[in-house]
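These notes concern the structure reproduced below.
The values are calculated or read from the model by the stated rules, or taken from the named source; none is laboratory data. Fair warning: this is a prediction, and the values are worked out from it, not measured in the lab. Cβ placement follows ideal geometry from the backbone for every residue including glycine, while neighbour counts extend to all protein chains displayed. Heavy atoms of the whole protein, side chains included, go into the accessibility calculation; ligands, DNA and RNA do not. Shrake-Rupley method; radii C 1.70, N 1.55, O 1.52, S 1.80 Å.
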There are 4 protein chains.
Amino acid sequence: MANALPASELSNSLTDQRDEFYRDIQSQNVEALWNARSAIVQTEPSVQSVPFIWKWREMRPRILRAGDLVTAQEAERRVLMLINPAFESRTLRTVGCIYAGIQMVLPGEVAGSHRHTPSAQRFVIEGEGAYTTVNGERTIMSKGDYVTTPKMAWHDHGSASDKPVMWLDGLDIPFVNILDANFFEDFGEESQPVTKRADDSQYRWSRNLRPTWEAVDGENTPLLNYRWTKSRDALHHLREDVGSPYDGILMEYTNPSSGGSTIPTMSAFLQLLRKGEHTKAHRHTSSTVYHVAEGAGYSIIGGQHFPWEEGDTFVVPSWVTHEHASEGGEAVLFSYSDRPVLQAFGLLREAAVAQQ
Amino acid sequence: MANALPASELSNSLTDQRDEFYRDIQSQNVEALWNARSAIVQTEPSVQSVPFIWKWREMRPRILRAGDLVTAQEAERRVLMLINPAFESRTLRTVGCIYAGIQMVLPGEVAGSHRHTPSAQRFVIEGEGAYTTVNGERTIMSKGDYVTTPKMAWHDHGSASDKPVMWLDGLDIPFVNILDANFFEDFGEESQPVTKRADDSQYRWSRNLRPTWEAVDGENTPLLNYRWTKSRDALHHLREDVGSPYDGILMEYTNPSSGGSTIPTMSAFLQLLRKGEHTKAHRHTSSTVYHVAEGAGYSIIGGQHFPWEEGDTFVVPSWVTHEHASEGGEAVLFSYSDRPVLQAFGLLREAAVAQQ
Amino acid sequence: MANALPASELSNSLTDQRDEFYRDIQSQNVEALWNARSAIVQTEPSVQSVPFIWKWREMRPRILRAGDLVTAQEAERRVLMLINPAFESRTLRTVGCIYAGIQMVLPGEVAGSHRHTPSAQRFVIEGEGAYTTVNGERTIMSKGDYVTTPKMAWHDHGSASDKPVMWLDGLDIPFVNILDANFFEDFGEESQPVTKRADDSQYRWSRNLRPTWEAVDGENTPLLNYRWTKSRDALHHLREDVGSPYDGILMEYTNPSSGGSTIPTMSAFLQLLRKGEHTKAHRHTSSTVYHVAEGAGYSIIGGQHFPWEEGDTFVVPSWVTHEHASEGGEAVLFSYSDRPVLQAFGLLREAAVAQQ
Amino acid sequence: MANALPASELSNSLTDQRDEFYRDIQSQNVEALWNARSAIVQTEPSVQSVPFIWKWREMRPRILRAGDLVTAQEAERRVLMLINPAFESRTLRTVGCIYAGIQMVLPGEVAGSHRHTPSAQRFVIEGEGAYTTVNGERTIMSKGDYVTTPKMAWHDHGSASDKPVMWLDGLDIPFVNILDANFFEDFGEESQPVTKRADDSQYRWSRNLRPTWEAVDGENTPLLNYRWTKSRDALHHLREDVGSPYDGILMEYTNPSSGGSTIPTMSAFLQLLRKGEHTKAHRHTSSTVYHVAEGAGYSIIGGQHFPWEEGDTFVVPSWVTHEHASEGGEAVLFSYSDRPVLQAFGLLREAAVAQQ
C-alpha cells in the first residue's frame, strides 16, 4: 500500500522509520488508517459493481445446453448465475449485494425441497406449466408471473409442461452471506406435500381483505404469486398518468399485510416505458437488476449505451447515473433492488443528473 | 348521590357533618371519590349501550317517506340516524362511540360537497347508479360496495339512477366529538369537480402494486371503493376454511398502503356464516355495528335472541357476549367497530364464554 | 328538537306531516339527521368543557377536612375529584376525557392494593414520606415527584410520614369508561408484597442504558418515579434556550423504552415560565390539566383571566385559546393532556392566535 | 472451481463437454450454480472473520510511536485500524461488517472537521481532556465515556490535555462501503465553530424529559456523551440482579428519543462480569467487538482461550460460540455489534451451546 504522505517532505530516515513501522504493525493485524484513506475518504461511493447486460439470445441457448449436460437432480437447481464482471463467482454478486440467476426446469423434472435464510423471488421468462410450492401451496407459473419465497419457507419446483420453463431467480444471498447469517436445510424428501389448494394465498390476500383468523408477521408477503395478467393490467391502466420523470410508470409489488416491500431486504418493481418515452437521468444509492419483460429499448448507464430486448437482464449499480428509453412501442421492465436496506438505515440518497 | 358508607356505623352527627361537607365541596366543583365508586370501581365495564336491531322492513318505508317530506337540498344529507336506546339523539351514538345512519339519494339529487374531521364509510343497501365523489374521484356505487371517505376529504353524493339508492353510513363522529376535535367545511359549490377517471384508485391500489410516484401517508386507505363482487368472491373462496370459531369466515377490509384498517379509528369487516354455522359465544371490548348484506339468521346478544334478515342493522356493545347463526343457507354480514382505538391503547380484551 | 327547516316555506300540512314523521321514527330509535345538524356540522369543535381553576387555598382545607371525616380504609382512596362545571360528577371528567383528583394519605394510613385498565400518574403537591408501590417496587414520594402507574399494574399507597401527604392524581378513566373498557381488580390483601428494592426502576431505566435481559412492551414507561430534583434541574439548565413561543421551556416526561409518552393515552409535561415570560396565544385540539408546581402567574384562557399560585390546578379545554405568564419570578407548571390520543388518529390540530 | 459431480459417473466425453461449457459461460460472466454450491448451500454460516485479540500492551506503544512518526494534521486522523486476519486491510473489517480502530490525539492537536454517511462511536481508553465536537456541541472526554457521532454530522477532535488521549473508534464503514453508500465531505476549515455550551445534549436528553420544541428523527441518538461515571454506576446498582446467563449484567446504551440503539446499524453495550462469574456458552448471528474497560478475565471463543485485561480489544464473529469469565474481581466490558442490522431483516438467530 502506497504511503499517502508526499515523499518529498520526508527525510529518508523518516521514510525508513515509517516503512519499518508499517511492517511492524501489519504483523499485529493493524494498519495505519492514513495509508488506507482511499477506502475511507470517499466524496462519493467507490462502487465496485459495473453496469452489464446479459443478452437473452446468448443466455437461452446456454441454459438449454445446461439441460443437456446436467440433470435437475444432479444440479439440485439448474441455474446459470449472472456474476458481475467486478466480482468473483463465489461472491454470487450480480450487482451490489444482490444475486440473479436463470433457472430452467425441464418436463417432468423436480428441483427438490429445501429452505434457507436468504429470501427469493422469481420472474418467469419463458414457458408455462412449471410450478413452485412454498409452505404447502403450489402455484402454476406463467410467463411474467412474479413468485415469492420468504426466508426459511420450504420450497421446491417442478414442471408438468412439455417444454422447458425458464425464470429469473432474485435472491439477497450475497447480503445474507456478508452478514454471516446464511442457514440452509434440506427437506429430506424430494417434494414437500401440497397441503393447500392452488393459489390459496391469492384468495386470502389479493382482494384487499384480510383473513382475521390468520396471524402474519407483516415481514414477508403472504402472497405467493403476483400474476402477470393482473400486474400488466395495472400498469396499462395508468398509461396516461404522469408517473415519475425518472422511471415512467414504476409500480412496486407490495406485501398486502404491510403495504411495504414483498421481501424485507428487496423491493421488486414492474415498470412501463410508454411509446417514445425517454426518462430523465438520475442516480441513487441502491443497486438494481432489470429484466426486460416486454418490448425493446435501451438504457444509458454510466455513459454507456445498452440496447435491450425481451428476455435480457441488465444491472445498474449504486450511484451510477441511468436513463431508460423504449423503442418501437411500449416496453415493460421487471426489476428488483436492495432499496429497503438502504432505507432502513437512512442511507438512501437520490439525485437528478443533467442528461448524459 | 348516595353515601357509600354504611349509615349504621355513623353517628348522626358524623353523617350530618359529612353531608354538610359534600354540599360544601360541590359548590367548589369537587366531589368525594368514595361517593362515586360505582363509576370508578368496575370489575367489568358498565356499558351504557344496549343491543338493538333496526329492521329493514321498518326502515325502508321510513327512509322512502323521508324522500317525500324533505329534499336532499333541504336536508343536505337525507339520513335517518340509528340512535342507541341508551343515548340521546344529539350524542349520535349507535353503539359505543360509533355512529350509523341510513342515507337515501333520489334520482337526480345531489348531496353537496363538504369535508370534516370525522371519517366515513358507506355500505350500499339497495339500488345501483348513485355515486360518491371523494377528492376528485367519482365512483358509481352498487349494492354491497364498501366505499370509504377519509377525514378531511371533500366528498359529495349524487344519483344518475332512476330509482332511490340507499346505503348505510358509518362514522366515528361520536368519538371525534367526545375528543372535541370535530371540524367541518363546506365546499362552497354543490359538487366538487371530477378530476380523475372513474375507479382511478382501484387501478392504483387494488392489484398489490403501488404507484411509486405517489406519496401516501399510510393512515387512510387510498382505495375508494371495495367492490361487492370482488369482496364476496374472496369470502366464498374461503368457504372451506376453518375460519374463526367465534366469527366464521371474518375478513377485514384493509388499507393497501399499510395492511391495517381502512380508517384509523374503525375496522370494517365482511363475514360469511356458512349454511348451518353457529359460532361460539365470545365477547370483547369493542363495539360493533352489523348489517345483514345477504341471507338470514339470528344472533344471541347478551342473552337476547335477535332474528335478522337482509337489510337489517344491529349492534353488539362492548363486552356483551354474542354468537351468530345462519338460517336457511349462507349469510353475509358487513360490520364495523372501534377495534383500532382499543388496540392502540392496549385496551382490547377478548374472552370466550360458555354457550348461552 | 326544533325543525331546522324555515317554517315559512312549509304549508301547515307539510309541517304536520313532518312532525308526525319525527314522532314516528323516534319510536323506532331513529332520528332525522337534518334535525341534529348542530351536533354534526361544526365549523369548529363545540367543546363542552369550560376553563376552570381549583385554588389550593380552597382545596387544602377541604382535603384536610376529609381526613377528619373519612378514613383511608373507609374511602379506599381519599380523593377529592375535580369535576368540570360542564359535566356531572359521575362522568369523572375534569377536562375533555381526562380526570384529576387530589389525594391525601395520613400518617400510618394505607390505600389498599388494586389494579385497573385506566392508567394513572401522580404529582406530589405537599409532604414527604408517603409511598406508592407498583408491581412490587416501592418509591418514597417527595414534593414535585412525578410517579406513574401503568394500566393493570397492582398499586397501593401508604405513608411513613408524620404529616399528611397530598398529591394530584391524573387518570384517563373518563376515556376508558367512554370506550367501555374499564376493568378493576382488588388485590385481596391490603398491600402487595414489596419484592424489589427502593427505586429499582431508576437504576434500570434512568441512565440511558437498557437492561437487555428484561422484556418490556414499550407501551408504558418502566420508570416509576421521575424525581423532582432531576426534572427541575433539567428545566433550569435550559433556561437560556429559546424554547417554544407558545409554551416556554416545555419538556415532556418520556418513556425511556420508547421515547414516547409515559402513558399511551396521556402526555405529561414540566414547563418553566421564566421571569417576565408571557407566552404567545395559541390553541390546539387536546385538553390539558395544569398544576402550579412553583411560583405564581396567570393564564388567559378563552379570554378569561386566571391568576394562579403554587398548588392551584386549572384546565384548558380543547381548541380554547390560551397564554401563560409568570409573575414575580420564575414559575413551573406541571401538566398532562390527551395529546397522544389525538395524535394517534391524525386529529391533533394546532393554531397560533392573535394575542387576546 | 472443481466440478461438484462425481467424476466416476461421467464419461470422459461428458466431462469434456461440461468443462468446455463452463469455460464458455465464464466468458459470458455466467457461472453454473451447481459448481458454487459451497457458497450457497450452508447448513450454518461459513463465517470468514476469525476470533482475534489486540493486546493493549502491544497497541499502546505502537499508537504512541505513531505519534512520533505522523502528525495529526498529516494523518487527518491518527488511527491504527484493527484488521481481522481473515480480511485485507482495505476492507476495514475488524469483524463481520464493522470496524474498530485506536485513535490518539496529542496535546494541542486537532483532527479536522468532516462528515460522512458511516456512523461512529468512541470509547475512551486512556487520558482526560480531549474533546469531540459534533454539530456545534463540544464534549470533554474522560476515560470510559461513550461518545456518539451520527451519520452526516460534522465532527472534529482536539485536545487541551497535556498527555496523549486514546480511544477506540467503532464505525459501520465496511457495511456502508459494501452497500456502496459512502459519502464524505470536508468541512473546509480545521474546526467547526462551537455553537452550543458543553454537554448541551445531556441537559436536553439524559433526564427522561424531552424538549418539546426540538424536532428529532428518532433514528440517531441526540445524546453526545454517555458518561462513564453514570453508566458504570448503573451497572453496579444492578450487581445483585440475575441478569443474563450468557452475558451477565449486559446493558445497552439507548437512544432516548426512541428507546432503540444509539446508531441505526450498531448496538453498543456495557457489561459487568461479577467476581467469579463465568457465563454460559452461546452464539448468535451478530458480530461483536469487545473492549476491556476494567478488570481482567478470559473468553473462550470458538474453542480458543483468550485471556484479556484492561485496554485489550477482541472480536467474536457471527455464530461463533463464546463465553466470558472474570478473574480476580469484577470486570467491565464495552462492546458493540451489528445486531440491529440482523434484527431489521429477521436474520438474528441465537442459540445456547453446551459448555465447551
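Once you order the gyration tensor axes a ≥ b ≥ c over the Cα atoms, which shape class does the protein assembly as shown get: rounded for a/c under 1.5, otherwise prolate or oblate by comparing a/b with b/c?
Oblate shape, in that a/c is at least 1.5 and b/c is the bigger or equal ratio.
Can you run phi through the Karplus equation (6.51, -1.76, 1.60; θ = phi - 60°) for the range A:303-316 and list ³J(HN,Hα) in whole Hz, with x for Gly and Pro?
x, 8, 9, 10, x, 9, 9, 3, x, 6, 10, 9, 10, 10
Compute the label-point distances linking C:Leu14 to its equivalents in the other copies; points lie 7 Å from Cα along Cα→Cβ; give nm, one decimal, shortest first.
Copy-to-copy label distances at C:Leu14, shortest first: 6.9, 9.4, 10.1 nm.
Just to make sure I understand: if all protein chains stay in place, what is the order of D:Asp172, B:Asp24, D:Asp186 by accessible area at 1.4 Å, largest first?
Highest to lowest solvent-accessible surface, that is D:Asp186, B:Asp24, D:Asp172.
Take the residue pairs A:Lys55/D:Lys151; C:Lys280/D:Lys230; C:Lys230/C:Lys275; C:Lys196/C:Lys230; C:Lys275/D:Lys143; A:Lys151/D:Lys55 and return only those whose Cα atoms are more than 29 Å apart.
With Cα atoms farther than 29 Å apart: A:Lys55/D:Lys151; C:Lys280/D:Lys230; C:Lys275/D:Lys143; A:Lys151/D:Lys55.
Of the candidates A:Asn177, A:Asn84, A:Asn12, which one comes out as most mobile in a Gaussian network treatment of chain A with C-alpha springs shorter than 10 Å?
Top of the fluctuation ranking is A:Asn12.
What figure, in Å² to the nearest 10, do you get for the accessible area of D:Val320 with a 1.4 Å probe and non-protein molecules left out?
30
Express the accessible area of chain D per residue in Å², computed with a 1.4 Å probe while the remaining protein chains stay in the model. Before the final figure, lay out the partial values.
Numbers: 12070 Å² over 356 residues.
That works out to 34 Å² for each residue.
Would you work out the charge dipole size for the range D:1-124 about its Cα centre, treating the Cβ of every Lys and Arg as +1 and the Cβ of every Asp and Glu as -1, and quote it to the nearest 20 debye? Working shown, then result.
On the way: 14 positive and 13 negative charges, 193 e Å.
The dipole of the range D:1-124 has a size of about 920 debye.
C:Val134's amide H: which non-local residues (gap 5+, or another chain) put their own amide H closer than 5 Å, with H modeled 1.01 Å from N in plane and none for Pro or chain starts?
Hits under the 5 Å cutoff: C:Thr139.
Inter-copy label distances at B:Gly303, 7 Å along the Cα→beta-carbon direction, one decimal in nm, shortest first?
5.2, 7.2, 8.5
Scan around D:Ile249 for amide H atoms under 5 Å from its own, H built in the peptide plane at 1.01 Å from N, and keep only partners 5 or more places away or cross-chain.
D:Ser244, D:Leu272, D:Arg274
Please work out the FRET efficiency for the pair A:Ala198 and A:Asp16, using the Cβ-Cβ distance as r and a Förster radius of 60 Å; give the result to the nearest 0.05.
Working: r = 75 Å, r/R0 = 1.25.
Taking R0 as 60 Å, the efficiency between A:Ala198 and A:Asp16 is 0.20.
Test of understanding: express the Cα radius of gyration of chain C as a ratio to 2.2 N^0.38 Å, with N the residue count. Could you put the intermediate results ahead of the total?
On the way: Rg = 23.0 Å, N = 356, 2.2 N^0.38 = 20.5 Å.
Ratio of Cα Rg to 2.2 N^0.38 Å: 1.12.
Going 7 Å from Cα along the Cα-Cβ axis for the label, what nanometre distances separate B:Lys163 from the same residue across the other copies?
Inter-copy label distances (nm, one decimal, shortest first): 4.9, 8.0, 9.4.
Mind giving me the nanometre distance, one decimal, between the label points for C:Leu64 and A:Lys275, set 7 Å out from Cα along Cα→Cβ?
So the two model labels end up 9.2 nm from each other.
In the range D:154-253, which trypsin sites (Lys or Arg not before Pro) are in a loop and have at most 14 other Cβ atoms within 10 Å, using DSSP for the loop call?
Answer in residue order: D:Arg197, D:Arg239.
Quick check: the distance between the Cα centres of the range A:100-139 and the range C:169-239, to the nearest angstrom?
Their Cα centres are 52 Å away from one another.
Nearest the rotation axis from B to A, which residue of chain B has its beta carbon, and at what whole-angstrom distance?
Spelled out, residue of B and its Cβ distance from the axis onto A: B:Gly259, 3.
Just report the Cα centroid separation between the range D:287-356 and the range A:278-356, whole Å.
Using only Cα atoms to place each centre, the spacing works out to 43 Å.
Please check: in the Gaussian network model of chain A (C-alpha springs, under 10 Å), which one of A:Gly295, A:Gly129, A:Gly188 has the largest mean-square fluctuation.
Looking only at A:Gly295, A:Gly129, A:Gly188, the largest GNM fluctuation is found for A:Gly188.
For every helix of n ≥ 4 consecutive DSSP H residues, a contribution of -39,500 (n - 2.57) applies; sum these over chain D, divide by its total residues, and give [θ] at 222 nm rounded to the nearest 500 deg cm²/dmol.
Numbers: 8 runs with 65 residues, N = 356.
Computed mean residue ellipticity for chain D: -5000 deg cm²/dmol.
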